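A.B. asks: Once you've had a glance at the structure underneath, I'll fire off some questions.
The values are calculated or read from the model by the stated rules, or taken from the named source; none is laboratory data. These numbers come from a predicted model, not from an experiment. Reconstructed Cβ throughout: ideal geometry from the backbone, glycine too, with neighbour counts over all protein chains shown.
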């Protein structure tokens with residue numbers, strides 16, 4: 001009987017696990033903590049070609065996941081085969097013939113079901129980041145402003161803001177706690193515009209994270225491990241406009257000056273020397289939607305006054 005009680009516990013646990021795997025993945029309720037599909041897109045083509053490529057990639061990922069959905073219930077079917085084998089041993093025991101041969105076979109079958117379920121779960125794709133579709137909308141909006149026959153240049157990097165390769169610097173405090181400062185240049189875009197100006201846009205996420213460390217407890221005197229902790233995140237937007245001197249003159253604007261708020265951004269630096277407009281804007285928000293980026297670019301153009309023909 002103890003053997004069958006143990007098998008009952010295994011049956012309940014495995015059933016709940018396989019049932020959860022068989023269900024279609026539900027949207028995460030907290031988008032701020034959501035894991036997104038890591039993507040890197042090289043932007044070096046005409047706008048329509050780039051957008052078609054982005055749509056094609058999304059469709060391929062969704063098609064691959066849909067194909068895997070057809071196999072979700074296979075581990076559950078294998079599970080019930082194992083239950084049938086255990087039932088045979090239970091029946092033989094009730095008839096006075098103690099047996100665990102079929103139960104051993106059930107364990108092997110369940111192990112196969114577990115491995116298959118794990119593989120199917122790992123093959124599930126995450127959703128695409130809003131930045132992916134937001135960048136596509138930015139390209140769509142700017143496509144009519146670029147010079148005919150030219151292309152966008154740059155990249156969209158959504159591989160992760162906290163990768164070791166994106167650590168800009170590290171510091172240590174008096175307690176030997178290490179803080180890492182990450183700089184994630186997730187969007188870089190350059191284009192020659194129809195009016196002769198050259199536009200460069202760079203979006204950067206700055207994140208501060210304290211690494212895990214050991215600390216002695218004041219009460220027990222024992223050493224305890226403290227987990228890593230995110231200390232904050234902000235967005236930066238760098239905009240450079242190389243002005244076409246034949247078409248524009250740079251003029252000050254009271255609506256676009258240092259310290260001014262433009263949507264979610266605050267202008268931190270503004271330089272209009274040498275025939276260029278250099279802007280650094282910062283935002284305390286972890287996410288800045290495409291509308292705010294496009295509106296900021298539109299507002300930057302208030303510094304330009306078109307020359308008389």
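A.B. asks: Kindly evaluate residue 290 against the criterion of being free of Cβ contacts under 8 Å to residues at least 12 places away in the same chain, assigned by TED's automatic domain parsing to the domain that holds residue 182 and closer than 28 Å to residue 130 by Cα. Give the steps one after another, and end with the answer.
C.D. replies: Numbers: free of Cβ contacts under 8 Å to residues at least 12 places away in the same chain: no; assigned by TED's automatic domain parsing to the domain that holds residue 182: yes; closer than 28 Å to residue 130 by Cα: yes.
No: the conditions fail for residue 290.
A.B. asks: Among the residues of the range 274-283, is any surrounded by fewer than 14 Cβ atoms within 10 Å (Cβ to Cβ) and out of contact with any helix residue (DSSP H, G or I) (no Cβ under 8 Å at 6 or more places or on another chain)?
C.D. replies: yes
A.B. asks: Next question. Is it true that some residue in the range 216-228 is outside any loop (DSSP other than H, G, I, E, B), surrounded by 15 or more Cβ atoms within 10 Å (Cβ to Cβ) and in contact (Cβ under 8 Å) with a residue 12 or more places away in the chain?
C.D. replies: Within the range 216-228, none of the residues are outside any loop (DSSP other than H, G, I, E, B), surrounded by 15 or more Cβ atoms within 10 Å (Cβ to Cβ) and in contact (Cβ under 8 Å) with a residue 12 or more places away in the chain.
A.B. asks: Condition check: assigned by TED's automatic domain parsing to the domain that holds residue 166, part of a loop (DSSP other than H, G, I, E, B), surrounded by 16 or more Cβ atoms within 10 Å (Cβ to Cβ) and under 27 Å from the mean Cα position of the chain (by Cα). Does residue 236 satisfy that?
C.D. replies: no
A.B. asks: Now, a different point. For the subset of the range 165-174 comprising residues that are more than 23 Å from residue 132 (Cβ to Cβ) and without any contact (Cβ under 8 Å) to a residue 12 or more places away in the chain, which member is nearest to the chain's Cα centre (by Cα)? Step through it out loud before you land on a result.
C.D. replies: Kept after step one, since they are more than 23 Å from residue 132 (Cβ to Cβ), are these residues of the range 165-174: 167-174.
Pick out the ones that are also without any contact (Cβ under 8 Å) to a residue 12 or more places away in the chain and you get 170-174.
Details: 170: 23, 171: 26, 172: 28, 173: 30, 174: 34 Å.
So, considering only residues that are more than 23 Å from residue 132 (Cβ to Cβ) and without any contact (Cβ under 8 Å) to a residue 12 or more places away in the chain, the one nearest to the chain's Cα centre (by Cα) is 170.
A.B. asks: Moving on. Go through the range 54-76 and report how many residues are in a helix (DSSP H, G or I), at pLDDT below 75 and out of contact with any helix residue (DSSP H, G or I) (no Cβ under 7 Å at 6 or more places or on another chain). Walk me through how you get there before you give the answer.
C.D. replies: Keep residues of the range 54-76 that are in a helix (DSSP H, G or I), which gives 54-69, 74-76.
Next, from what is left, pick out any that are at pLDDT below 75: 64-69, 74-76.
Right, trim to out of contact with any helix residue (DSSP H, G or I) (no Cβ under 7 Å at 6 or more places or on another chain) and you get 64-67, 69.
Residues flagged as in a helix (DSSP H, G or I), at pLDDT below 75 and out of contact with any helix residue (DSSP H, G or I) (no Cβ under 7 Å at 6 or more places or on another chain) within the range 54-76 amount to 5.
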